[in-house]
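Before any comments, here is the structure.
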Amino acid sequence: MVKIKSLSFGELEEFVLSLGEKKFRAAQIFEWMHKGVRSFDEMKNLPKGLKEKLKEQADPEILETEAVQVSAKDGTRKYLFRLPDGEYVESVLMKYSYGNTVCISTQAGCRMGCAFCASCEGGLKRNLTSGEILDQVLAVSRDIGEKVGNVVVMGVGEPFDNYDRLSGFLNNINDKRGFNLGMRNITVSTCGIVPGIIRFAEEYPQVTLAVSLHAPNDSLRNSLMPVNRKYSLTALMDACRKYARITNKRITFEYILIEGINDSHRHAEELSVLLKDVNCHINLIPFNGVIGKNFSAVKRAEAEKFRDELRKRGIETTIRRELGSDIDGACGQLRSKKR
């Protein structure tokens, strides 16, 4: 079966021709898929014969919605999607004044092993296809009956550990014949895969890059994020500087504040030295409690002190608005409960 939602537009044209159909049918199929239809029968302007061929030879890559949690505080919606092989991934809809943002996953599980993250429990099961990554956006848009204006690739999994399929998703969701989401409306987050950062700078300079940092020195980062043992902070900062030169864009560094671990005055000083010559913005994230993880969140006042220390040293810093705090907000929590 051809995974039809993962095909580029050109590949879809070739597939349609291989079925003995006219090339223009590809544009019709592509448009219908990006409208979020759940079956080939819903593609109303296709002839019956083509629909039958598609049913026989094409996998529409539709995710099943297993559960939806809705925050009573702010309307954040967390989705648990079931994949055809029984694995699960999560997506989150966040409503802002500037529009709807969806945070999506690129892998079922994760092999990065970050100490504070629920996504790593059970390890990596498999990579998602480009179509499965895309269908998260389509499913959320279909559920709320509204357009999604921004996508954050920051859910379960490490995007650069599934780079080629991430690339296929980016190209397809940006295609004007389909969903037509601008590259500037997409953010991709990495835990620090250095070769991926350089490749991404060259191939997707318009997409915003976020880097999960979470520690200002190698010793602490090694203990929290095993990826640092392969790509040290020196290598990571060099890659980030190169990214900024190539793209002329500012990098966002994500920094989860964990009480007694990385939240001291000294840590703020170290962080400001580390980033002093990098065009960046720091997004401080209060730790969202995860079952089985022996970490605690800092109080709001302490987070504000940490922010102010960085600002005094010339580092633009904000504290992320907490959304979905009354549901399983942290990445991987809902999936872990199901597993």
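Of note:
- Boolean, VAL37 is out of contact with any helix residue (DSSP H, G or I) (no Cβ under 6 Å at 6 or more places or on another chain) and more than 21 Å from LYS176 (Cα to Cα): no
- Taking the listed residues GLY182, GLY145, GLY178, GLY123, the one that is among the small types (Gly, Ala, Ser) and touching a Phe, Trp or Tyr at 6+ places or on another chain (Cβ under 6 Å) is GLY178, with no other qualifying.
- Scan of the stretch 58-99 for residues that are open to solvent by 30 Å² or more (accessible area, probe 1.4 Å), of a type in the set (Lys, Arg) and under 19 Å from the mean Cα position of the chain (by Cα), ordered by number: ARG77, ARG82, LYS95
- Filter pass, GLU121 being farther than 21 Å from LEU209 by Cα, acidic (Asp, Glu) and either out of contact with any Asp or Glu (no Cβ under 8 Å at 6 or more places or on another chain) or open to solvent by 20 Å² or more (accessible area, probe 1.4 Å) (or both): yes
- Residues located in the stretch 69-91, provided they are β-branched (Val, Ile, Thr) and touching a Ser or Thr at 6+ places or on another chain (Cβ under 8 Å): VAL70, VAL89
- Test: residue in the stretch 4-24 that is buried (at least 16 other Cβ atoms within 10 Å of the Cβ), touching a Ser or Thr at 6+ places or on another chain (Cβ under 8 Å) and at pLDDT 95 or above: yes
- Out of GLY49, GLY86, sole residue that is out of contact with any Phe, Trp or Tyr (no Cβ under 9 Å at 6 or more places or on another chain) and in a loop (DSSP other than H, G, I, E, B): GLY86
- Hits in the stretch 60-83 (condition: in contact with a Lys or Arg (Cβ under 9 Å, 6 or more places away or on another chain), part of a loop (DSSP other than H, G, I, E, B), over 28 Å from GLU31 (Cβ atoms) and of a type outside the set (Gly, Ala, Ser)): ASP74, THR76
- Among helices (runs of 4 or more DSSP H) entirely within the stretch 135-251, having at least 2 residues that are open to solvent by 20 Å² or more (accessible area, probe 1.4 Å) and within 23 Å of ILE285 (Cβ to Cβ) singles out 218-224.
- Being over 30 Å from TYR204 (Cβ atoms), among the β-branched types (Val, Ile, Thr) and modelled with pLDDT of 95 or more holds for only one residue in ILE261, ILE246, and it is ILE261.
The values are calculated or read from the model by the stated rules, or taken from the named source; none is laboratory data. Quick caveat, the model's predicted, so the values are computed rather than measured. Here the Cβ is made from the backbone with ideal geometry for all residues, glycine too, and neighbour counts use every protein chain on show. Note: accessible area is taken over every heavy atom of the protein model, side chains too, but ligands, DNA and RNA are not part of it. Shrake-Rupley method; radii C 1.70, N 1.55, O 1.52, S 1.80 Å.
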